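Novice: Here's a structure for you.
The values are calculated or read from the model by the stated rules, or taken from the named source; none is laboratory data. On a predicted model such as this, the values are computed, not experimentally measured, just so you know. Cβ coordinates were reconstructed from backbone atoms using ideal geometry, including for glycine residues, and neighbour counts include every protein chain displayed. The accessibility values were calculated without ligands, DNA or RNA, using every heavy atom of the protein model including side chains. Shrake-Rupley method; radii C 1.70, N 1.55, O 1.52, S 1.80 Å.
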Amino acid sequence: MARIDAFLQLGREQGCSDIHLAPDQPPLLRLSGELKPISFRSIGEEELWGLLREILSAEQLEALNAAEDVDFTYEATEGGRFRVNLFRKLGGIGATFRVVGGKIPNFVELNLPETLRDLVDARQGLVLVTGAAGTGKSTTLAALIGFLNRTRSLNIITLEDPIEFVHQSERSIVVQREIGSHVPTFVEGLHAALREDPDVIMVGEMRDPETITLAMTAAETGHLVLGTLHTSSATKTLDRVLDVVPGPQKQQAAIFLAQHLRGVVSQRLVRTADGRGRKAIVEILVNTPAIANLILQRKIFLIPDQLRTGRDHGMQLMDQALLQAVKKEEIDPNDAFIFAEDKRSFQRYVTDPSILPQMSVGGR
């Protein structure tokens with residue numbers, strides 16, 4: 001058992017989402033969104049190097065010594081599975097261990113809307129799960145893949161960097177490939193996947209124009225493609241996809257989105273009302289004929305109005321989802337106020353008056 005496993009086991013037992021290690025300070029745990037030190041002495045840089053060397057391969061150590069970031073998954077003897085990022089910084093080395101659930105989550109456990117099931121209940125098209133880093137996109141994708149795996153007979157290929165949740169094939173075949181270990185890049189992984197008779201392709205991160213373009217091609221040619229983007233709302237997601245396409249091809253990209261986009265799920269993690277955890281709050285866009293028409297006309301700025309009035313189609317704005325969760329006393333109203341776009345509807349629920357002056361002119 002590696003010595004670092006003791007910290008990882010403690011972090012998991014405490015219910016944290018991440019464990020942070022840095023020279024000359026004690027380990028830090030992210031609990032309900034806040035960083036808190038554990039009751040332990042500061043760890044020196046040489047000691048930290050010694051802890052990390054025990055779990056690194058020769059190739060990973062070489063990359064780290066060459067000042068490259070290193071991403072991988074680590075299975076602790078007692079502490080479970082973690083997504084690891086190691087990096088160089090001012091003052092020495094840094095390490096972040098993200099806790100990965102051992103069990104594939106489902107919609108009920110994550111309290112996700114039924115609309116998400118409808119989005120992936122299709123033979124082809126593009127479904128995007130978006131949000132900032134650390135907002136639970138990988139967990140939501142795992143729930144979507146798990147649902148398909150249990151309910152349909154499909155060939156599902158995932159491209160991940162790194163692999164987090166490990167899926168056991170049930171009704172479907174689930175082939176998980178890790179960037180750097182099994183394929184060099186997402187682009188090469190997508191090219192390979194298209195030759196492997198897939199029904200569903202999951203792209204863990206659509207981080208560059210070539211990956212986005214190839215994912216769109218895969219969706220257009222008869223596959224269901226699930227992917228993620230680091231965007232904060234459904235409309236910003238559409239803008240991002242159109243922005244990365246070269247000028248002469250933007251109208252073609254708009255036509256693709258109008259015809260083949262199934263939907264966009266944009267999420268944030270908000271502190272629960274009891275302060276003991278965080279809950280995923282989601283904005284949902286479903287590609288209705290009205291939205292497809294706005295995409296074709298490049299009037300993306302009008303789409304929020306469709307989300308606001310599209311509850312019959314399972315749509316909702318982030319502010320609507322936040323307000324509903326506040327009224328049900330599911331989330332902290334102060335956190336909801338901070339995350340809300342139009343803060344006026346949230347003022348009367350705020351319990352910490354010190355955050356109210358943060359409102360700018362016009363109530364935003």
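Novice: Out of the residues in region 298-351 that are aromatic (Phe, Trp, Tyr) and within 23 Å of the chain's Cα centre (by Cα), state the one that is surrounded by the most Cβ atoms within 10 Å (Cβ to Cβ).
Specialist: Phe337
Novice: What tally of residues in region 34-79 results from selecting those that are more than 13 Å from Ala22 (Cα to Cα), of a type in the set (Asp, Glu) and out of contact with any Lys or Arg (no Cβ under 6 Å at 6 or more places or on another chain)?
Specialist: Total satisfying the criteria: 8.
Novice: Also: Quick check on my filter: what residues within region 73-94 are over 20 Å from the mean Cα position of the chain (by Cα) and hydrophobic (A, V, I, L, M, F, W, C)?
Specialist: Correct list: Ala76, Phe87, Leu90, Ile93.
Residue-by-condition table, conditions (1) open to solvent by less than 10 Å² (accessible area, probe 1.4 Å); (2) closer than 23 Å to Leu226 by Cβ; (3) at pLDDT below 95; (4) in a strand (DSSP E or B):
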| position | (1), (2), (3), (4) |
| --- | --- |
| Ile255 | no, yes, no, no |
| Ala258 | no, yes, no, no |
| Arg262 | no, yes, no, yes |
| Val265 | yes, yes, no, yes |
| Arg268 | no, yes, no, yes |
| Gly275 | no, no, yes, no |
| Glu283 | no, yes, no, yes |
| Ala292 | no, yes, no, no |
| Ile295 | yes, yes, no, no |
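Novice: Restricting attention to region 8-25, report how many residues are more than 26 Å from Asp274 (Cβ to Cβ) and open to solvent by less than 30 Å² (accessible area, probe 1.4 Å).
Specialist: At the first step, the residues of region 8-25 found to be more than 26 Å from Asp274 (Cβ to Cβ) are 21-25.
Next cut, open to solvent by less than 30 Å² (accessible area, probe 1.4 Å) only: 21-23.
The number of residues fulfilling the criteria is 3.
Novice: Can you name the residue in region 12-43 that is within 11 Å of Thr96 (Cβ to Cβ) and among the small types (Gly, Ala, Ser) and, of all such residues, is modelled with the lowest pLDDT?
Specialist: It comes out as Ser17.
Novice: Does region 145-156 contain at least one residue that is farther than 20 Å from Val100 by Cβ and open to solvent by less than 10 Å² (accessible area, probe 1.4 Å)?
Specialist: no
Novice: Being more than 18 Å from Gly146 (Cα to Cα), in contact (Cβ under 8 Å) with a residue 24 or more places away in the chain and hydrophobic (A, V, I, L, M, F, W, C): is that true of Val174 here?
Specialist: Values: more than 18 Å from Gly146 (Cα to Cα): no; in contact (Cβ under 8 Å) with a residue 24 or more places away in the chain: yes; hydrophobic (A, V, I, L, M, F, W, C): yes.
Answer is no for this residue.
Novice: Being open to solvent by 20 Å² or more (accessible area, probe 1.4 Å) and at pLDDT 95 or above is true for just one of Leu229, Leu224, Leu190, Leu194. Which residue is that?
Specialist: Exactly one residue qualifies, and that residue is Leu194.
Novice: Filter region 19-43 down to the residues that are of a type in the set (Asp, Glu) and either in contact (Cβ under 8 Å) with a residue 24 or more places away in the chain or assigned to a helix (DSSP H, G or I) (or both) and list them by number.
Specialist: Of the residues in region 19-43, the ones of a type in the set (Asp, Glu) are 24, 34.
Of everything in region 19-43, just one residue is of a type in the set (Asp, Glu) and either in contact (Cβ under 8 Å) with a residue 24 or more places away in the chain or assigned to a helix (DSSP H, G or I) (or both), namely Asp24.
Novice: Suppose we keep only residues that are of a type outside the set (S, T, N, Q), open to solvent by 80 Å² or more (accessible area, probe 1.4 Å) and part of a helix (DSSP H, G or I) within region 59-74. Which one would you say is nearest to Met1 (Cα to Cα)?
Specialist: That would be Glu59.
Novice: In addition: Show the residue pairs that are 6+ apart or on different chains and have beta-carbon atoms under 8 Å apart, the first residue being within region 77-94 and assigned to a strand (DSSP E or B), the second being open to solvent by 40 Å² or more (accessible area, probe 1.4 Å) and hydrophobic (A, V, I, L, M, F, W, C).
Specialist: Every condition considered, the pairs that remain are Arg81/Val166; Arg88/Ala67; Ile93/Phe87; Gly94/Phe87.
Novice: If the Cβ limit is 8 Å and pairs must be 6+ apart or interchain, which residue in region 44-68 that is over 13 Å from Asn85 (Cα atoms) pairs with which residue that is crowded, with 18+ Cβ neighbours inside 10 Å?
Specialist: Between residues of region 44-68 that are over 13 Å from Asn85 (Cα atoms) and residues that are crowded, with 18+ Cβ neighbours inside 10 Å, the close pairs are Leu48/Leu21; Leu48/Ala22; Leu48/Ala95; Leu51/Ile4; Leu51/Leu21; Leu51/Ile43; Glu54/Ile4.
Novice: Hey, another quick one. If Arg262 satisfies all but one of (1) within 17 Å of the chain's Cα centre (by Cα); (2) basic (Lys, Arg); (3) closer than 20 Å to Ala142 by Cα, what's the number of the condition it fails?
Specialist: (1)
Novice: Within region 86-144, track down each residue that is open to solvent by 40 Å² or more (accessible area, probe 1.4 Å), touching a Lys or Arg at 6+ places or on another chain (Cβ under 8 Å) and under 15 Å from Lys279 (Cβ atoms).
Specialist: Answer for region 86-144, where residues must be open to solvent by 40 Å² or more (accessible area, probe 1.4 Å), touching a Lys or Arg at 6+ places or on another chain (Cβ under 8 Å) and under 15 Å from Lys279 (Cβ atoms): just Asn111.
Novice: Can you pull out every residue in region 157-177 that is surrounded by fewer than 20 Cβ atoms within 10 Å (Cβ to Cβ), at pLDDT 95 or above and β-branched (Val, Ile, Thr)?
Specialist: Ile173, Val175
Novice: Still on this structure, I have one more. Which residue is farthest from the chain's Cα centre (by Cα), if the candidates are limited to region 43-58 and must be open to solvent by 60 Å² or more (accessible area, probe 1.4 Å) and more than 19 Å from Asp5 (Cβ to Cβ)?
Specialist: Per the stated criteria, the residue is Glu46.
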